[in-house]
Every structure is written in structure tokens, then in C-alpha cells.
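The values are calculated or read from the model by the stated rules, or taken from the named source; none is laboratory data. Every value quoted in this text rests on a predicted model; they were computed, and no experiment measured them. Ideal geometry is used to build each Cβ from the backbone, glycine not excepted, and the neighbour counts take in all protein chains shown. Side chains included, ligands, DNA and RNA excluded: accessible areas come from the protein's heavy atoms. Shrake-Rupley method; radii C 1.70, N 1.55, O 1.52, S 1.80 Å.
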Amino acid sequence: MTVVQEREPVTEILRTMAVDGEVCGELVRAARTHSPEVARLTEAESLSHVTSLVRAAGEWFGTFDRVEQQDFTAALLLGADRADQGVPMTAVLRGVQAGLTRTVEITLDRCRAAGVPDSALLTVVLRLKEYGDAVERHVINGYRAAERATPHETSEVRTSVLRRLLVGGVVPSPLEMARAGMRPNAQVPHHCLVADVADPAATRLLKDGLSGLRAGLGLVEGRPAGLCRRMPGPEEVGTSALVVVSPAAPLEDIRPLYRLCVRALDIGVRQGRHGLYELTDFAAEIALADQPLMGSHLSDRLLGALDRSDDFHRQLALTAVTFLDNGRRLDQTATALFTHPNTVRYRLGRLQQITGRSPNDPSSENLSEPLSTLHWWWALTTWLGQDRGPSGH
């Protein structure tokens, strides 16, 4: 009986191994045991590569094509990643060989348990050795390609790749992303990050802070933007830049999240915000911005008696929106506006006298408190327009 007849059981065994956490963990331990340099990396970094390589082995084993016609992107990415991490080539290969050897051993054990006849096992070993040899060659190729890339070339390629990924064009392949200094993993969701940085020094600080995330960061549509596998912390982005980060999502869903991040960034810039924000922090403002006509009508209804050219009226509106931003707390509103609580109380009273309505009395609108607050906040921010400052934030 030939291995062709036993191809499906062996393929299924390899695919099962790729999603078996215990098996993949054992392969990682084998690589780390035989390569101290690899052992200095986190287990998670090795685990993602091991899982990809075993999955690729199952996909390859299920075909009849020549081995060199198969997809060895996972091996190329492994080589490029280790080159960027400064792991010597010999140490990389020791880890790869140890992992491949243990893969063969586990595969044979499972083949026997699945009833694959002994007469087919030698062919299984030879085919896996053929796959392993090809993996090693592609790891070396990925390693050398990463070594040859200069920082300037990598930056230019990254910008091009990010523009295609986030804005439009042909979606870049994993290998293109690897050459751009990015390490994509289709199985791992990514965060999209967009920043507004006015100071070049702040741009450098942002890149340095995100280096620990292995974030792919480039200039897209005039803004620093990129991908990262985990949410950065405030200490990693600093306080001089405004940074908006999306929820984690598969790469194919990143483009619409990027557009939302850009919209959130524009809102944050107008409000004078700085620091780190999650995209969902701007959920209400983005949603309301989609209905400018409704906001205008609501503003006319609640604030029609105010005169936009009157500085005192603008002061009343700014006080009211700051009052809502601070949970209708007089003391916190006064602190935000650098004034006295009695002054806040007086301005809110004058606003009610002029408009006949009060943001401090939800019952006057015959609405629930959340809806009344939303209507007033929407009307006030629309009325104030882009002149509204960062009060309350």
C-alpha cells in the first residue's frame, strides 16, 4: 500500500496536530531545548511559527504537486523574524531541525494509532523529510532577505504595504508584509492604530514606544498608522501625540476600522485631545456626525434663541456642554472651566432664561435622562461647531 492511498489519514493527522495546543507546545519545547538562543524568546513567538509550519505541512501533504510549488510563506516569515530578532542562523536551524524531528516522531505515533500500515510509514518519513528540507531552505532565504533589507528600504516598503492594506489596492501577501518588517498572522486579530503627531520628536518617541509591540508603523495619508497584535499602553504612546486604536479584528476587516480611526482622530484633534484612546471612546461622536442635518435641527429647537455672534451666549453654551461632559457636577464643571461653582450655576440659569429650556432638567423634555442628555449634548456641540475646545476631556 502506497502513501498515496494513506494520504488522507496522514493529512488529517497533521491538521489535527496544528490545532492541538499540547502538541504545538511540545514542538516549541523541543526547539527551545536544542537552541538556547531561541529559548531566550517568548514561547508565544515560537508557538505562532510552529503552528503555521505544522498547518502548512498538512496542506502540502494533501497534494500531489512537487514540493517546491507549495506555499512556504510560514518558513520565510520565520527566517525573517529571527533575523530581525538577532538570532544567529545556526541557532535558528538547530531549533527548526529539533522541531521538525519531533514532528516526524509524533506523526508516526499517530499514524500507527490510526491504523496506517507499517509498509507506508517509510514513505511518510521520506515525504516529511522532503518537506523539512524545503522548510530549512526557505527559512534561510527569509533570513537572508531580511538581512539584506536596509532600514530605508524597509520603511518605504512598509508605507506602500500599509497604504494598500488600509486604504485600497491589491491586498499585500504575507511575504510582502514580512519584507516590510511586519509579521502578519492570519489566525491572530490585529489592532489598527492611527496617530496625529505635530512634533517630529514626538513621532520618534511614538515609534520607540511601539517597538516593543512589533507594530508595523508607516506614514499613511499623511498620518502615522499601522498594525499591532495587542493594545498599547498609555506609557508606550506618550502624552504628546493623539493615538486612536481600534478593537482587534482579522486583517480582512482592518480597512473599515482604519477609516473609523481616522474619523475619530479628526474629532479628537478638533477637541484638542492627546494621549491614547480606543476607537469606541468616540462611538457616539462618530455616529452623531453621520447625521449633521438632524444635529442642526435639534440645535435650532433647543438653542434657537442663542446668537452665535454673541460671546456671552457662546460662553453659556460652552458651560452647558462642559456641565454634561462632567456628569452634571457643578464642582467638576467649575474646575474644568477654571471658575467658581456659583458662576456655573448662574450661567446655566441664564441659559434657561434665554432658551426656556434647561440641560439640568431632563423632565422638561419629557424624555429619559440618557436621551435628554444625548439631545442636549448633540445640540450644544453642533451649535458650538469646531470652535469647541477640549473642556471636560
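So in segment 43-72, with the set limited to residues that are among the β-branched types (Val, Ile, Thr) and modelled with pLDDT under 80, which one is nearest to GLU136 (Cα to Cα)?
Step one: list which residues in segment 43-72 are among the β-branched types (Val, Ile, Thr), which gives 50-51, 54, 63, 67.
From what is left, the residues that are modelled with pLDDT under 80 are 63, 67.
Working: THR63: 20, VAL67: 13 Å.
Checked segment 43-72; the qualifying residue nearest to GLU136 (Cα to Cα) is VAL67.
For ARG230, work out the one condition from (1) at pLDDT 85 or above; (2) over 30 Å from PRO370 (Cβ atoms); (3) open to solvent by 60 Å² or more (accessible area, probe 1.4 Å) it doesn't fulfil.
Of the numbered conditions (1) at pLDDT 85 or above; (2) over 30 Å from PRO370 (Cβ atoms); (3) open to solvent by 60 Å² or more (accessible area, probe 1.4 Å), the odd one out for ARG230 is (1).
Which one of these is among the small types (Gly, Ala, Ser), at pLDDT below 90 and in contact with a Lys or Arg (Cβ under 8 Å, 6 or more places away or on another chain): SER358, SER391, SER372, SER364?
On the way: SER358 fails: in contact with a Lys or Arg (Cβ under 8 Å, 6 or more places away or on another chain); SER391 fails: in contact with a Lys or Arg (Cβ under 8 Å, 6 or more places away or on another chain); SER372 fails: in contact with a Lys or Arg (Cβ under 8 Å, 6 or more places away or on another chain).
Exactly one of SER358, SER391, SER372, SER364 is among the small types (Gly, Ala, Ser), at pLDDT below 90 and in contact with a Lys or Arg (Cβ under 8 Å, 6 or more places away or on another chain), namely SER364.
Can you name the residue in segment 91-135 that is in contact (Cβ under 8 Å) with a residue 60 or more places away in the chain and within 31 Å of the chain's Cα centre (by Cα) and, of all such residues, is farthest from GLY79 (Cα to Cα)?
Applying the first criterion (in contact (Cβ under 8 Å) with a residue 60 or more places away in the chain) to segment 91-135 yields 94-99, 101-103, 106-107, 110-111, 114-117, 119-120, 123-124, 127-128, 130-131, 134-135.
Retained after the next criterion (residues that are within 31 Å of the chain's Cα centre (by Cα)): 95-96, 99, 135.
Working: GLY95: 11, VAL96: 10, GLY99: 14, VAL135: 10 Å.
Selected residue: GLY99.
Given the criteria in contact with a Leu (Cβ under 8 Å, 6 or more places away or on another chain), surrounded by fewer than 17 Cβ atoms within 10 Å (Cβ to Cβ), modelled with pLDDT of 90 or more and not hydrophobic (A, V, I, L, M, F, W, C), does ARG345 qualify?
On the way: in contact with a Leu (Cβ under 8 Å, 6 or more places away or on another chain): yes; surrounded by fewer than 17 Cβ atoms within 10 Å (Cβ to Cβ): yes; modelled with pLDDT of 90 or more: yes; not hydrophobic (A, V, I, L, M, F, W, C): yes.
Yes, satisfied.
Checking ARG144 against (1) of a type in the set (D, E, K, R); (2) at pLDDT below 70; (3) surrounded by fewer than 16 Cβ atoms within 10 Å (Cβ to Cβ), which test does it fail?
(2)
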